[in-house]
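Let me begin by presenting the structure, written as structure tokens, before commenting on it.
No lab work stands behind these numbers, since they all come straight from the coordinates. This one's a predicted model, so the numbers in the text were calculated from it and none came from an experiment. Note that each Cβ is placed from the backbone with ideal geometry, even for glycine, and that neighbours are counted across all protein chains shown.
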Amino acid sequence: LKTNGYETAVIAGMGYDAQVIEGDWVPGDVLILLKFGNEQQVRTFWWSPEYQQVKKIRANYSALDVLQVDAVPGVRPRMDGRSAYLFFLADLKDRKRFVEQYAPYAPDVVRAHGGEFLIRASQADTELLEGAHLPGSLIVVEFPDADSLQRFWNSAEYRRLSEIRRSTGKWSVVRLLPK
């Protein structure tokens, strides 16, 4: 299958281990993050004759939830085989508290540990291409390596913020580490 525009892929099960570290969302055997240059490249890939053939074969053996989500503007993901990721899936109940007490402070703590937000998308910001739409918001944070991610997750600053985050709704967090 030609890439038809995607530059890089991070695939749990092939080079990365996915582990649920909070909540009850359990991704399937494979969690894939593809990086495209623009929306047209996504469409070219998704509707290409090559992918349609693969999709027909795959549909007999698996079900996928596929979302198209815009990246945070100006961010250039590393996706270099050493990077580590946190996937946050949120069903916010107290958006006001999240926006006022968590969102303004989390980026500084993430950056202090070498990380950056790749995706910050509410349900309205995503387009379902296949499957059942995942509820709520999706946040993806990339760190340069597994150690940086662990230092972030275990830091006193983030432990304090995570208490606020958890009080704003139902959260699931998946850690994706390179093998």
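Per residue and in cubic angstrom, what volume does the convex hull of the Cα atoms of the stretch 19-84 have?
Value for the stretch 19-84: 136 Å³ per residue.
Given the C-alpha atoms of the chain, compute the convex hull and give its volume per residue in Å³.
116
Under a cut-off of 27 Å between alpha-carbon atoms, report the lysines in cross-link reach of Lys170, not counting same-chain residues fewer than 8 places apart.
Those lysines meeting the cut-off are Lys93, Lys96.
What are the ³J(HN,Hα) values, in whole Hz, obtained from phi via the Karplus relation 6.51 cos²θ - 1.76 cosθ + 1.60 with θ = phi - 60°, for each residue of the stretch 87-101 in sequence order, with x given for Gly and Pro?
9, 9, 10, 10, 10, 6, 10, 10, 4, 4, 5, 4, 5, 8, 10
Determine the relative contact order of the chain: mean sequence separation of Cα pairs under 8 Å and six or more apart, normalised by residue count, in whole percent.
It rounds to 34 percent for the chain.
What length, rounded to one decimal in nm, is gained on full extension from Asp91 through to Lys55, with 0.36 nm per residue of separation minus their alpha-carbon distance?
Gain on stretching Asp91 to Lys55: 10.0 nm.
What spacing in nm lies between the two simple spin-label points modelled at Val75 and Ser122, each 7 Å away from Cα in the Cβ direction?
1.8
Could you work out how much longer the chain between Ile21 and Asp65 gets when fully extended? Use 0.36 nm per residue separation minus the Cα distance between them, nm to one decimal.
13.8 nm
As an exercise, use a Förster radius of 22 Å and the Cβ-Cβ distance of Arg43 and Ala103 to find the FRET efficiency, rounded to the nearest 0.05.
The pair Arg43/Ala103 has a calculated efficiency of 0.10.
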